[in-house]
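Only one structure is covered here, and it is reproduced in the block below.
What follows is calculated from the coordinates using simple rules that are stated; it is not laboratory data. The structure displayed is predicted, hence computed values, not measured ones. Here the Cβ is made from the backbone with ideal geometry for all residues, glycine too, and neighbour counts use every protein chain on show.
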Amino acid sequence: MLSRAQDFSRRLLAWYDRDRRDLPWRVPPGSLRAVFPDPYHVLVSEAMLQQTQVATVVPYFRRFLGAFPTIATLAQADEQDVLRLWQGLGYYSRARNLRAAAQTIVRDHGGEVPKSVEKLRTLRGVGAYTAGAVASIAFDCPAPIVDGNVARVLCRVDRIETEPKENRIQQLLWRRAKEILPGGRCGDFNSSMMELGAVVCTPRNPRCPMCPVNAHCEAFAAGVQDRIPLPRKAKVRPLLERDVFCVRSRGSSAYLWLIEQRAMTGRWAGMWQFITLPSNGQTPTAQVIARHLGTAVQAPRLIGTVQHGLTHRRYAFNVYLCVTRGRNTPEMPGPRKWVMRRQLSGYPLSRPQVKITELLDKYDADAGSETAPRRGPKR
Ligand code: SF4
């Protein structure tokens, strides 16, 4: 007779074999059971999936693998190219860490993704979750995993009515995830738990009547699945204000824009931006900007404010168009460059900076190409 844990995994795996989504980092549905996905693909997908939904990740994953089809190509890649392909996914330290992990794999592991959780955890950016996911999915190691989806399923199945992020509950969930691992197909089992959380045991309105493990679910039995897990207390997110100076100068054949590279540490490290400074709450004057840039500009024009929210803070970027006096594109100290508008796509930009370029384009269109040089009459 099957134990409860065996019956749970049997039902879940049968559902996964039948209904799982076809995703580019998985082996196709219907593949032989002994076929495992490429460990490099699993590593890339797990890095991308942290804090990001599957539907968003799929096109990024395809583009990334198109540019860096192997660990060796990623290890040799220029960091700016890696960041550019990550542009829009956010949490850019994941991209830098992934490249650093690829370099370690090439240097210390003969180019092969390590199989054990312990060795995987020595790679930069690889924590308990990612190590367990790669070890189990790519190598079928009996490694448990707990991400947000798994935590929600476990909390409901066991009727845990406490905040799952609490340390004590996290430890409990990791223990439970280990206890319920089946004797084989650990990667498929972990994937099926995440899949269940993503498509059936969803945060709101879980679809319990069609759930393959509803016979094991204490929350469903008690009719309390909608209030588990306990919602997190909303945190107050501070608002940080920035002044962005989109400095434009007339080059010999096109307008040029001044951009600068951010510091190599901290948020959006190594990415590019228009000249951005903390706001002091006052409207900046041409003199203040000129002092900062070391070149004279006309009075700045506020063209809009771009809002951007992150998990722990919000930003308001006050965007000013600044035009230099005359054809003035002086050499700039530090990592600053004059570039044409169309060249901006060759630089990794954070999401708010992309929104700022969109704002500039809209302003340009509304103002009748004021931010682009006028073309001669059509022939
Ligand atoms: Fe989630 Fe409902 Fe299934 Fe329980 S029965 S695991 S609450 S979907």
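Taking amide H as placed 1.01 Å from N in the peptide plane, Arg159 has its amide H under 5 Å from the amide H of Glu218, Ala219, each at least 5 places away in sequence or on another chain. Per-residue ellipticity at 222 nm, computed for the chain from helices alone with -39500 (n - 2.57) per DSSP H run of at least four residues, works out to -12000 deg cm²/dmol.
The magnitude of the dipole of the chain, with charges of +1 and -1 set on the Cβ of Lys/Arg and Asp/Glu and taken from the Cα centre, is near 1000 debye. Apply the a/c threshold of 1.5 to the C-alpha gyration tensor of the stretch 210-256 and tell me whether it is rounded, prolate or oblate. Oblate, since a/c reaches 1.5 and b/c is not below a/b.
Summing charges over neighbours of Arg336, with a neighbour being any other residue whose Cβ is under 15 Å away from its Cβ, gives +1 when K and R count +1 and D and E count -1. Annotation note: chymotrypsin sites (Phe, Trp or Tyr not before Pro) in the stretch 45-139 located in DSSP loop regions with a Cβ neighbour count of at most 12 within 10 Å are absent. Taking Cα centre as origin and charging only the Cβ of basic (Lys, Arg, +1) and acidic (Asp, Glu, -1) residues, the dipole magnitude of the stretch 1-88 rounds to 480 debye. Look at where the Cα atoms of the stretch 1-73 and of the stretch 185-233 average out, and the two centres are 19 Å apart. Expressed to the nearest 5 percent, the antiparallel share of DSSP beta bridges inside the chain is 70 percent. Structural size metrics of the stretch 171-297, computed from C-alpha coordinates, are Rg and Dmax of 27.0, 74 Å.
Note on Lys115: lysines with a C-alpha under 24 Å away, same-chain residues under 8 apart excluded, are Lys178. Normalised by the number of residues in the stretch 195-309, the mean separation of alpha-carbon contacts (under 8 Å, six or more apart) gives a relative contact order of 14 percent. Amide H to amide H, with H built 1.01 Å from N, Arg20 comes under 5 Å of no residue 5 or more places away or on another chain.
Given their separation in residues at 0.36 nm each and the Cα-Cα distance between them, Glu218 and Ala263 gain 11.2 nm when the chain is fully extended.
With the charge dipole of the chain set up from +1 on Lys and Arg Cβ and -1 on Asp and Glu Cβ about the Cα centre, the Cα lying farthest toward the positive end among the listed residues Val57, Leu359, Thr202 is that of Leu359.
The distance from the alpha carbon centre of the stretch 84-107 to that of the stretch 283-340 is 29 Å, rounded to a whole number. Rounded to the nearest whole Hz, the Karplus-based 3J(HN,Hα) values (6.51 cos²θ - 1.76 cosθ + 1.60, θ = phi - 60°) of the stretch 255-269 follow the sequence 5, 10, 10, 8, 10, 9, 8, 6, 4, 7, 10, x, 5, 6, 4, with x at glycine and proline. Within the straight-line cut-off of under 12 Å between alpha carbons, the aspartates and glutamates reachable from Lys165 are Asp147, sequence neighbours fewer than 8 places apart in one chain being disregarded. Charge dipole of the stretch 199-294 (Cα centre as origin; +1 on each Lys and Arg Cβ, -1 on each Asp and Glu Cβ, all else neutral): 100 debye, rounded to the nearest 20. Once backbone amide H atoms are built at 1.01 Å from N, Gly304 has Val319 as its partners under 5 Å, excluding neighbours fewer than 5 places away on the same chain. Protection proxy ranking, highest mean first, for peptides 198-209, 276-287, 109-120: 109-120, 198-209, 276-287, where packing is the per-residue count of other beta-carbon atoms within 10 Å, averaged. Label positions at Arg159 and Thr285, each projected 7 Å from the Cα along the C-beta direction, are separated by 7.0 nm. Translational D (Stokes-Einstein, µm²/s) of the stretch 52-111 at 20 °C and 1.002 mPa s when Rh comes from the Kirkwood sum over C-alpha pairs? Approximately 182 µm²/s, per Stokes-Einstein. For the stretch 276-336, the Kirkwood radius over C-alpha pairs fed into Stokes-Einstein at 4 °C and 1.567 mPa s yields D = 98 µm² per second. A simple spin-label model places pseudo-atoms 7 Å from Cα toward Cβ; at Gln170 and Lys119 they are separated by 2.7 nm.
Placing unit charges on each Cβ (+1 for Lys and Arg, -1 for Asp and Glu) gives the chain a dipole about its Cα centre, and among Leu74, Val288, Phe220 the Cα reaching farthest toward its positive end belongs to Val288.
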